[in-house]
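Before any comments, here is the structure.
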Amino acid sequence: MLVSTPHQSASPPPVRLLAFASEFHLGASRTSAPAGVLVAELKNNGEDDHDLAVRNPRGRIIASTGVVRHGALGRLRVRLRPGRYVLVCTLADHEALGMRAVLVVRARKGA
Amino acid sequence: MAGATREAAMIERLWWRAGFGPRPRDLRGKRTHADLVHEFLHPRGATLEGPEPRVDGRPLSPANQYGQDVLWWLDRMVRGRHPLVERMTFNWHDHWATSNDKVGDVKLMMRQQRTLRRYALGNFRTLARAMVRDGAMQIWLDLAGSSDEAPNENFAREFFELFTLGANNGYTEKDIREAARALTGFTFDYDSKRFGFDPKQHDGGTKHILGRRGRFGPLDVVDLALENRHHAPYLCKQVWGYFSPRTPPPRLVKQLVSAYTQSGYEIAPVLSLILSDGALYADLEEPDMIKPPVVYVAGMLRQTGTYITTDDWVWMLDQMGQRPFYPPNVSGWEQNEAWLSTSALRMRFQAAASLLHDAIEDGAIPADRSPEQALEHSRTYAGEPWTSKATSSALASYSRLSVAGRDEKWEVKHYWPERERVLRQVLLAGPDAQVC
């Protein structure tokens, strides 16, 4: 007889990440995360517009908050597999000026 | 205040001004006011009690989710068992006002908060030295990165003007420039998030600060400011200002300064004098201190036995004008009347309504509940708050008249619960609830 085990079958809650943008820094609350859904927020503390985008290990942007204005909050949601991702601001030359942070995604234990 | 005796009224005021308001049981105990002052100053045992905060069924993750830093701190105010430590931690946050709007790192802000808590009732010199080395502060006032080639004056200026001496109080522009030289050498690497001190970027030359001459370093600036004759009166008045909107009596200021300097900058003796002095308990029947928003909200939650289960408090506090970790500028928050703008007051009313939402459903109140019982039930729910004689009379009158003649079945079902909703709302958010 099969007994349902809701705790095992339920998908884990999204992993949260909070980043702050300023000229020209991008500070993220974590440098690693378990694989699965990531919900990231960007608070723009700077004077210029910024965004938060996720670049996958193959160099492709796979999610973005869109432009976040001064003082505003942006959000993105993306499913990530294990690998080395880069969080960047894609506006103008902001990434080259330093607005990037690495996020290492690891396989979940038992997955 | 609510207490039947002066002693009880003093206890209630103490809870509001030196803590975040009483829980109902705090007003029913047998402790004297003197006992309570002693307990506040000598906290023992667990720091928190009650269920941990959860939003959407999950524990808080303050560093990783926007706004949850505010909830995390609000929760400490609500569940805290060491009221004076919690209140002084927040008072020091206002004194050393640092905003995450510039720091941009919740972990650094929470680290600063832990430092403020550690020295909440401790030694001001130790606290000031810790603030010089604090990462959030170093980013906030540009101390990190200030070098001998380009000394940044921001921290030195605010250190004298706001943190230790008071505006234009015993220092000159030259003192600021010289202190800025002494404070050079701190570094911060944004990529590794590492703070440090590089002697090569420190100006090791001779400086003239506040009438003294020497090859001063960063921590010497603390000692020079604290040894200045203007420091002790300034700081003691600042601390008093967190407990009373009134000017402190000159004889009390003398006592405070004496206790502070003779103890080597200890804060506890100053607090002990303030909390025991009759001047703090003047006009108990006409409270004149506007509750700061965090005190109002945390107090309301404590009064009603409510814990953090929603993130609505974040935007409500924001709208009331006081978001912890985000003071408006380095001067901190304006106090008292500044809290009562039209929109902020409206938000206070809405916060109480939000707390009461669906607390009493239609049909939940029996038809035989008397006006006196309705008022008593409402007062019990709201934590037995103080009300003036005029308010008490108006509430009793409303309790009687609002249901008079309404004895049809549908009227009992609707109007009788409505009466208690209104009574609770007024008790939690009416004019009397805004002062302490």
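The values are calculated or read from the model by the stated rules, or taken from the named source; none is laboratory data. All values reported here derive from a predicted model rather than from experimental measurement. With ideal geometry, Cβ positions are generated from the backbone for all residues, glycine too; neighbour counts draw on all protein chains shown. Protein only, heavy atoms only, side chains kept; ligands, DNA and RNA dropped before computing areas. Shrake-Rupley method; radii C 1.70, N 1.55, O 1.52, S 1.80 Å.
Summary table
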item: Number of the exception - B:L224 against (1) under 25 Å from B:D105 (Cα atoms); (2) in contact with a Leu (Cβ under 7 Å, 6 or more places away or on another chain); (3) not acidic (D, E); result: (1)
item: Unmet requirement for B:Y66, which otherwise passes all of (1) within 25 Å of A:G74 (Cβ to Cβ); (2) touching a residue at least 40 places away in the same chain (Cβ under 8 Å); (3) buried (at least 19 other Cβ atoms within 10 Å of the Cβ); result: (2)
item: Test for B:G211: is it away from chain A (no Cβ under 14 Å), at positive phi and open to solvent by 60 Å² or more (accessible area, probe 1.4 Å); result: yes
item: Failed condition for A:S29, given (1) in contact (Cβ under 8 Å) with a residue 24 or more places away in the chain; (2) closer than 19 Å to B:D105 by Cβ; (3) among the hydroxyl-bearing types (S, T, Y); result: (1)
item: Residue tally, condition open to solvent by 30 Å² or more (accessible area, probe 1.4 Å) and in a helix (DSSP H, G or I), over the stretch B:385-410; result: 13
item: Matching residues in the stretch A:15-50 - criterion: being more than 10 Å from chain B (Cβ to nearest Cβ), more than 11 Å from the chain's Cα centre (by Cα) and closer than 18 Å to A:Y85 by Cα; result: A:P34, A:A35, A:G36
item: Matching residues, the stretch B:342-378, being loosely packed, with under 13 Cβ neighbours inside 10 Å and either within 30 Å of B:E161 (Cα to Cα) or among the acidic types (D, E) (or both); result: B:D358, B:E361, B:D368, B:E372
item: Pairs where the first residue, in the stretch B:104-115, is within 14 Å of chain A (Cβ to nearest Cβ) and the second is open to solvent by less than 20 Å² (accessible area, probe 1.4 Å) and of a type in the set (D, E, K, R), C-beta under 6 Å, 6+ apart; result: B:V106/B:D69
item: Flag if B:R213 is charged (D, E, K, R), modelled with pLDDT of 95 or more and in a strand (DSSP E or B); result: yes
item: Any hit, the stretch B:310-325, residues being open to solvent by 10 Å² or more (accessible area, probe 1.4 Å), among the aliphatic types (A, V, I, L, M) and within 27 Å of B:R111 (Cβ to Cβ); result: yes
item: Residue within the stretch A:53-64 that is within 16 Å of B:Y66 (Cβ to Cβ) and either within 12 Å of chain B (Cβ to nearest Cβ) or open to solvent by 20 Å² or more (accessible area, probe 1.4 Å) (or both) present; result: no
item: Subset of the stretch B:1-26 (residues that are open to solvent by 60 Å² or more (accessible area, probe 1.4 Å) and assigned to a helix (DSSP H, G or I)); result: B:R6, B:E7, B:R25
item: Condition check for B:V295: over 20 Å from B:R23 (Cα atoms) and open to solvent by less than 40 Å² (accessible area, probe 1.4 Å); result: no
item: Enumeration of residues in the stretch B:36-83 that are within 14 Å of another protein chain (Cβ to nearest Cβ) and part of a loop (DSSP other than H, G, I, E, B); result: B:D56, B:G57, B:L60, B:S61, B:P62, B:A63, B:N64, B:Q65, B:Y66, B:G67
item: Every residue from the stretch A:88-108 that is at positive phi and open to solvent by 90 Å² or more (accessible area, probe 1.4 Å); result: A:A92
item: Total residues in the stretch B:84-103, condition without any contact (Cβ under 8 Å) to a residue 60 or more places away in the chain and either among the polar types (S, T, N, Q) or within 14 Å of chain A (Cβ to nearest Cβ) (or both); result: 3
item: Qualifying helices (runs of 4 or more DSSP H) (wholly inside the stretch B:98-185; at least 2 residues being small (G, A, S)); result: B:124-132, B:135-140, B:173-182
item: Of all residues making up the stretch B:170-193, the number that are within 14 Å of chain A (Cβ to nearest Cβ) and at pLDDT 95 or above; result: 1
item: The stretch A:55-104, residues that are in contact (Cβ under 8 Å) with a residue 12 or more places away in the chain, in a loop (DSSP other than H, G, I, E, B) and farther than 18 Å from A:E23 by Cα; result: A:N56, A:P57, A:R81, A:P82
item: Any pair with Cβ under 6 angstrom, 6 or more apart, that starts in the stretch B:23-41 at a residue that is within 14 Å of B:V85 (Cα to Cα) and ends at one that is open to solvent by 60 Å² or more (accessible area, probe 1.4 Å) and at pLDDT 95 or above; result: B:V37/B:S276
item: Qualifying position, being open to solvent by 30 Å² or more (accessible area, probe 1.4 Å), of a type in the set (A, V, I, L, M) and assigned to a helix (DSSP H, G or I), among B:L273, B:L226; result: B:L273
item: Single residue of B:V78, B:V85, B:V37 found to be β-branched (V, I, T) and under 17 Å from B:F325 (Cβ atoms); result: B:V78
item: Enumeration of residues in the stretch B:413-428 that are of a type outside the set (D, E, K, R) and open to solvent by 10 Å² or more (accessible area, probe 1.4 Å); result: B:H414, B:Y415, B:W416, B:V422, B:Q425, B:V426
item: Filter result (under 30 Å from B:D318 (Cα atoms), more than 14 Å from every other protein chain (Cβ to nearest Cβ) and open to solvent by less than 30 Å² (accessible area, probe 1.4 Å)) within the stretch A:67-87; result: A:V78
item: In the stretch A:22-37, the residues that are assigned to a strand (DSSP E or B) and in contact with a Lys or Arg (Cβ under 7 Å, 6 or more places away or on another chain); result: A:L26, A:S32, A:P34, A:G36, A:V37
item: Residue in the stretch B:394-408 that is over 23 Å from B:C436 (Cβ atoms), among the charged types (D, E, K, R) and at pLDDT 95 or above present; result: yes
